[in-house]
1. Filter the range 41-68 down to the residues that are aromatic (F, W, Y) and surrounded by 20 or more Cβ atoms within 10 Å (Cβ to Cβ), then identify the one that is farthest from the chain's Cα centre (by Cα).
2. Counting only residues that are basic (K, R) and not in a helix (DSSP H, G or I), which one in the range 166-214 is nearest to Y255 (Cα to Cα)?
3. Among the residues in the range 134-148, are any within 16 Å of ligand 1 (Cβ to nearest atom), β-branched (V, I, T) and touching a residue at least 60 places away in the same chain (Cβ under 8 Å)?
4. Working carefully through the options V111, V136, find the one that is within 16 Å of ligand 2 (Cβ to nearest atom) and not small (G, A, S).
5. If I ask for residues that are touching a Ser or Thr at 6+ places or on another chain (Cβ under 8 Å) and away from ligand 1 (no atom under 16 Å from the Cβ), which ones from the range 99-133 would you list?
6. Please pick out the residue among L131, L150, L142 that is touching a strand residue (DSSP E or B) at 6+ places or on another chain (Cβ under 6 Å) and surrounded by 15 or more Cβ atoms within 10 Å (Cβ to Cβ).
7. In this structure, is A232 touching a Phe, Trp or Tyr at 6+ places or on another chain (Cβ under 7 Å) and within 16 Å of ligand 4 (Cβ to nearest atom)?
8. Would you call T221 loosely packed, with under 14 Cβ neighbours inside 10 Å, of a type outside the set (D, E) and modelled with pLDDT of 95 or more?
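The values are calculated or read from the model by the stated rules, or taken from the named source; none is laboratory data. Quick caveat, the model's predicted, so the values are computed rather than measured. Backbone-built Cβ (ideal geometry, glycine too); neighbour counts: all protein chains shown.
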Amino acid sequence: YRVKQAGGGHAAFQRQEDERTDLQVERLTALHRALERNELHLYFQPVVHAETQVVVAHEALLRWIRPSGTVSPLDFIPLAETSGLIIPIGRWVLRQAVDAVKARRVERVSVNVSALEIRQPDFVEHLRWVLEETGVEPRRLLLELTESSLLEPRFAAVLLEVHTLGVRTALDDFGNGYNSLVALASLPVQVVKIDRSFTAPIGEDTPAGKRALEVVRGIVTLANAFGLPTVAEGIETPEQADLLLKVGCTYFQGYLFGRPEPLSSSSEPSNPPPSLSVYGAF
Ligand code: C2E
Ligand code: MG
Ligand code: MG
Ligand code: MG
């Protein structure tokens, strides 16, 4: 009886596992087709100068828009990474983002780059080629990297080559990981993006809100000690913006200033904003 029950339990478990695998295979097949079917779209979210609220750049963010609904990058980027599809997808993203600069629809652009892309031996060669093809100034591009890239053996070398091209880098999601401080200490990035998990509680009249603000103050001090400006992510309220301006964040990004949106086909080419710091003459 006991054996039978265990067997039944195992069968149910196996069935669940199979269903999960089926779903993954289905999604992977769908993701394969997404590029050719033009289901991948690039949205752009403004980054503003904290003091003046002038838009200085846009971050390019992927959206997978299927007939059944929109899939979050948090759901499909991991799938793209494990399957290797992130390589063609990442190339498509880079090209779209740089094209948007070329067309003067955004002045400067931030592009998220996966550790797996860094691992490609021709990553820098491809980057150089895209910039040459489009004629876009390298300084208009910022690559956002996360500490997971630290694990890539060639990372330091790649970073050096990227900087030699004149392209700048940001450490994304700073603080959301175990190696943030190691990453900051060892990587010569030019911008620190403070993770939204610190911004979110700020403005709450709670111990957590006060502690988060102090942590951000510390991050800003640390970044400034390296001469680096900071971007606070995920700002949703004017109270958060006030407090984060007081602790010295250089740039803001969040729904308060603009959600990620497609570039509307009717929108006029942007006026050149003042060349502020990292995103400009930094
Ligand atoms: P990320 O690079 O940290 O991007 C910021 C995320 O915060 C975006 O989520 C953005 O929509 C969201 N966000 C911005 N402001 C606010 C706010 O005020 N409130 C809230 N609640 N959220 C805000 P999204 O677009 O879902 O992207 C999630 C992550 O997926 C990104 O985090 C990035 O790690 C990854 N990702 C997105 N596009 C790409 C891409 O083209 N390539 C790669 N490799 N990763 C990407
Ligand atoms: Mg990012
Ligand atoms: Mg981020
Ligand atoms: Mg984040």
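1. Initially, the range 41-68 is screened for residues aromatic (F, W, Y), giving 43-44, 64.
From the residues that got through so far, the ones that are surrounded by 20 or more Cβ atoms within 10 Å (Cβ to Cβ) too are 44, 64.
Values: F44: 11, W64: 15 Å.
Across the range 41-68, the extreme among qualifying residues is W64.
2. We begin by selecting, within the range 166-214, every residue basic (K, R); these are 168, 193, 196, 210-211.
Filter once more, keeping what is not in a helix (DSSP H, G or I): 168, 193.
Details: R168: 25, K193: 16 Å.
This residue is K193.
3. Taking the range 134-148 and keeping what is within 16 Å of ligand 1 (Cβ to nearest atom), we get 141-148.
With β-branched (V, I, T) added as a condition, the list becomes 146.
Subsequent filtering for residues that are touching a residue at least 60 places away in the same chain (Cβ under 8 Å) retains none.
The answer is no; no qualifying residue exists.
4. Numbers: V136 fails: within 16 Å of ligand 2 (Cβ to nearest atom).
One residue alone meets the criteria, V111.
5. Residues satisfying the conditions are K102, R104, R105, E107.
6. On the way: L131 fails: touching a strand residue (DSSP E or B) at 6+ places or on another chain (Cβ under 6 Å); L150 fails: touching a strand residue (DSSP E or B) at 6+ places or on another chain (Cβ under 6 Å).
Selected residue: L142, the only one of L131, L150, L142 that is touching a strand residue (DSSP E or B) at 6+ places or on another chain (Cβ under 6 Å) and surrounded by 15 or more Cβ atoms within 10 Å (Cβ to Cβ).
7. Values: touching a Phe, Trp or Tyr at 6+ places or on another chain (Cβ under 7 Å): yes; within 16 Å of ligand 4 (Cβ to nearest atom): yes.
Yes: the conditions hold for A232.
8. Numbers: loosely packed, with under 14 Cβ neighbours inside 10 Å: yes; of a type outside the set (D, E): yes; modelled with pLDDT of 95 or more: yes.
Yes.
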